[in-house]
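Asker: One structure follows; several queries about it will come next.
The values are calculated or read from the model by the stated rules, or taken from the named source; none is laboratory data. On a predicted model such as this, the values are computed, not experimentally measured, just so you know. Note: ideal-geometry Cβ built from the backbone for every residue, glycine included; neighbour counts use all protein chains shown. For accessibility, only protein heavy atoms count, side chains too; no ligands or nucleic acids. Shrake-Rupley method; radii C 1.70, N 1.55, O 1.52, S 1.80 Å.
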Amino acid sequence: MFSVAPMMDWTDRHCRVFHRLLSRRARLYTEMLTTGAIIHGDRERLLSFDASEHPVALQLGGSNPRDLAESARIGEGFGYDEINMNVGCPSDRVKGGNFGACLMAEPQLVADCVAAMKQAVKIPVTVKCRIGIDDQDPEIALDTLSRSVIAAGADALVVHARKAWLNGLSPKENRDIPPLNYDRVYRLKAAMPHVPISINGGIATIADAKTHLDHVDGVMLGRAAYQEPWRLLSVDPELFGEAAPHTTMHDAIEALMPYIERELAAGTRLHSITRHLVGAFHGVPGARAFRRYLAEVCTKPGAGTESLRDALRIVGQRTDASIAA
């Protein structure tokens, strides 16, 4: 299994439609949405997505079993293919709301949340966690949480192979400073052979993903997939032995145009979509000028698809994944 990680402010519906044009097989995730936002907020705006995005998972942030069950039920009603509980985000906002990585310290509460969601929906319920937080022993913390949520009915685990330091590191620092410990995730898989386990954290290439798949069931890419989306063009051929939906980034962005036209007609600004294309070209003549054009022209009020096509004309055609790599 291969997936693109849920990333706040990044993996919105426009981003996911774009990523789907690069891989049919990747599982896509929403940004984390809190139970409060879903229960009390504008559900249509928060939860609507394009049919092309399937398979797509809804990631929830919360720690109240009843609220998580209701939010999961609402998500299932919108057509999501999976509900994922966030037990890994280290931000201050998350810690203050008692959800995210701080729940690594409360495995029984997480298990109660999973059990409530499993009773509420028929689609898979999964958990994304860290290997531990602060002074926890990862051998004990990850094992305890994993066994608790699997016993409660969780269908799969995604493990970010770093600790989260809630005291002493910023959310940004937590993405890089705590050392990666892939072996700890491998040991979890060996100890729980029948549980689907995916690994996340610091994985930069599809070649790296293939190496991890010798040890675990799935790989999740985060920043590498978003900042260098051209890498996703090789997911289907390299990991699944299937042709990519489009062979070049030019073709994929051209295929995005009808979606952009519909969104512009509905009042979306072009920049809301093109901001996800900034890293589309790498090692290609004109890539820097392309980025500059997106920033200077595609952000203007009233900018349309012709502006994006003008940006594409700046970039050379040598955009297949093997060359871009």
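Asker: May I ask you to list the residues in the range 188-205 that are in a loop (DSSP other than H, G, I, E, B) and either buried (at least 17 other Cβ atoms within 10 Å of the Cβ) or touching a Phe, Trp or Tyr at 6+ places or on another chain (Cβ under 6 Å) (or both)? Before you say what the answer is, go through the steps one by one.
Answerer: So in the range 188-205, the residues in a loop (DSSP other than H, G, I, E, B) come out as 192-196, 201-205.
Listed by number, the residues that qualify are VAL195, PRO196, GLY201, GLY202, ILE203.
Asker: Considering the range 151-187 alone, what residues qualify as being more than 17 Å from the chain's Cα centre (by Cα), of a type in the set (A, V, I, L, M) and not in a helix (DSSP H, G or I)?
Answerer: ALA152, ALA154, ALA164, LEU166, LEU169, ILE177, LEU180
Asker: Continuing with the same structure: Return the residues of the range 1-40 that are buried (at least 22 other Cβ atoms within 10 Å of the Cβ) and acidic (Asp, Glu); say none if nothing qualifies.
Answerer: none
Asker: Would you be able to say whether some residue in the range 112-124 is hydrophobic (A, V, I, L, M, F, W, C), in contact with a Cys (Cβ under 8 Å, 6 or more places away or on another chain) and open to solvent by less than 50 Å² (accessible area, probe 1.4 Å)? If you could, list the steps in order and put the result at the bottom.
Answerer: Of all residues in the range 112-124, those hydrophobic (A, V, I, L, M, F, W, C) come to 113-117, 120-121, 123.
Now drop any that are not in contact with a Cys (Cβ under 8 Å, 6 or more places away or on another chain), which leaves none.
No, because not a single residue in the range 112-124 is hydrophobic (A, V, I, L, M, F, W, C), in contact with a Cys (Cβ under 8 Å, 6 or more places away or on another chain) and open to solvent by less than 50 Å² (accessible area, probe 1.4 Å).
Asker: Of everything in the range 148-173, what is surrounded by fewer than 24 Cβ atoms within 10 Å (Cβ to Cβ), of a type outside the set (Asp, Glu) and without any contact (Cβ under 8 Å) to a residue 40 or more places away in the chain? Give them in sequence order.
Answerer: GLY153, ASN167, GLY168, SER170, LYS172
Asker: While we're here: Name the single residue, out of those in the range 41-54 being closer than 16 Å to GLU82 by Cα and acidic (Asp, Glu), that is least open to solvent (accessible area, probe 1.4 Å).
Answerer: Here the residue is GLU53.
Asker: I'd like to check something: does the range 70-88 contain any residue that is among the polar types (S, T, N, Q) and surrounded by fewer than 21 Cβ atoms within 10 Å (Cβ to Cβ)? Before you say what the answer is, go through the steps one by one.
Answerer: Restricting attention to the range 70-88, the residues satisfying the condition of being among the polar types (S, T, N, Q) are 71, 84, 86.
After this cut, where a residue has to be surrounded by fewer than 21 Cβ atoms within 10 Å (Cβ to Cβ) as well, the list is none.
Checked the range 70-88: no residue is among the polar types (S, T, N, Q) and surrounded by fewer than 21 Cβ atoms within 10 Å (Cβ to Cβ).
Asker: For the range 4-23, check the following and say yes or no: at least one residue is farther than 21 Å from PRO229 by Cβ and not hydrophobic (A, V, I, L, M, F, W, C).
Answerer: Residues of the range 4-23 that are farther than 21 Å from PRO229 by Cβ, as a first pass: none.
Checking the range 4-23: not a single residue is farther than 21 Å from PRO229 by Cβ and not hydrophobic (A, V, I, L, M, F, W, C).
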